[in-house]
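The structure appears right after this line, and notes come after that.
The values are calculated or read from the model by the stated rules, or taken from the named source; none is laboratory data. The structure displayed is predicted, hence computed values, not measured ones. For neighbour counting, all protein chains shown are included, and Cβ atoms are generated from backbone atoms with ideal geometry for every residue, glycine included.
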Amino acid sequence: MWIYQKTLEFPVNLRCKDLNMAKLIMTQLGGPNGELAAAIRYLQQRYTMPTGKSRALLTDIGTEEMAHVEIISSMLYQLTEDATPEELKKAGLGTNYAQFGHGLQPTDSNGVPWTAAYINVFGDAVTNLHEDMAAEQKALATYYQLINLTDNVDIINVLRFLGEREIVHYQRFGEALMDVYDFTECKKVF
């Protein structure tokens with residue numbers, strides 16, 4: 001199965017509280033283009049893949065997306081550490097605090113809860129892989145936009161790493177798409 005190492009894929013060591021940035025980064029935890037939606041989408045879509053290579057790829061990337069959920073969650077907890085209820089309220093996180101205390105729920109930056117409606121699993125591998133490539137591009141655009149909203153180098157470095165992984169995932173999904181096309185176009189000889 002997997003070997004779990006008790007370290008993040010990329011170190012998160014944010015040295016200052018930034019509740020406004022935390023509110024914005026929440027979208028990558030529970031938003032429609034976020035890491036949680038991607039992880040569950042890929043782990044469910046793997047069952048529609050016709051080849052072992054494409055199934056393995058979706059399993060691996062889905063698992064890595066769960067590691068990205070850990071990174072985003074670490075960022076959020078470090079950015080909100082020791083925040084008072086008044087500070088959370090001022091940053092627009094008051095409703096989250098009222099319901100969950102200092103626990104951060106998977107929502108987008110507007111507080112809309114994560115929903116399974118973000119996940120698309122079609123019975124067609126080609127459709128799913130195109131969906132996945134688009135999802136990676138949307139996530140990459142979100143990381144670029146988040147980078148534009150901060151000057152904190154520690155935050156930028158983590159967001160840049162996550163954006164680079166979106167590029168790699170996009171490329172791997174393109175390779176999986178070619179694998180599926182090769183499989184479906186080849187003549188089966190018995």
Inset, instruction - Considering each of ASN157, ASN110 in turn, give the residue that is farther than 18 Å from GLY52 by Cβ and modelled with pLDDT of 95 or more. - result: ASN157
Inset, instruction - Filter the stretch 15-40 down to the residues that are under 19 Å from the mean Cα position of the chain (by Cα) and outside any helix (DSSP H, G or I), then identify the one that is farthest from ASN128 (Cα to Cα). - result: MET26
Inset, instruction - May I ask you to verify whether THR127 is exposed (fewer than 15 other Cβ atoms within 10 Å of the Cβ) and either more than 18 Å from the chain's Cα centre (by Cα) or assigned to a helix (DSSP H, G or I) (or both)? - result: yes
Legend entry - All positions within the stretch 98-122 that are farther than 19 Å from SER74 by Cβ and assigned to a helix (DSSP H, G or I): ALA98, GLN99, ALA116, ALA117, TYR118
Inset, instruction - Quick one: count up the residues across the stretch 79-108 that are surrounded by fewer than 19 Cβ atoms within 10 Å (Cβ to Cβ), under 20 Å from GLN28 (Cβ atoms) and of a type in the set (S, T, N, Q). - result: 2
Legend entry - Hits in the stretch 145-167 (condition: among the hydrophobic types (A, V, I, L, M, F, W, C) and assigned to a helix (DSSP H, G or I)): LEU146, ILE147, VAL153, ILE155, ILE156, VAL158, LEU159, PHE161, LEU162, ILE167
Inset, instruction - Please work out if THR142 is closer than 15 Å to HIS68 by Cβ, part of a helix (DSSP H, G or I) and polar (S, T, N, Q). - result: yes
Inset, instruction - Filter the stretch 37-48 down to residues that are in contact with a Leu (Cβ under 6 Å, 6 or more places away or on another chain) and touching a residue at least 24 places away in the same chain (Cβ under 8 Å) and give me whichever is surrounded by the most Cβ atoms within 10 Å (Cβ to Cβ). - result: TYR42
Legend entry - Every residue from the stretch 41-57 that is under 19 Å from the mean Cα position of the chain (by Cα), within 15 Å of HIS130 (Cβ to Cβ) and not charged (D, E, K, R): TYR42, GLN45, LEU57
Legend entry - Selection status of LEU14, over 12 Å from LEU162 (Cβ atoms) and buried (at least 22 other Cβ atoms within 10 Å of the Cβ): no
Legend entry - Selected residue (criterion: nearest to the chain's Cα centre (by Cα)) from residues of the stretch 103-116 that are within 27 Å of ALA91 (Cβ to Cβ) and of a type in the set (A, V, I, L, M, F, W, C): TRP114
Legend entry - Which numbered condition ILE167 misses (of (1) under 24 Å from LYS17 (Cβ atoms); (2) in contact with a helix residue (DSSP H, G or I) (Cβ under 8 Å, 6 or more places away or on another chain)): (1)
Legend entry - Candidates ASN157, ASN96, ASN152, ASN128, filtered to the one that is in contact with a strand residue (DSSP E or B) (Cβ under 8 Å, 6 or more places away or on another chain) and among the polar types (S, T, N, Q): ASN96
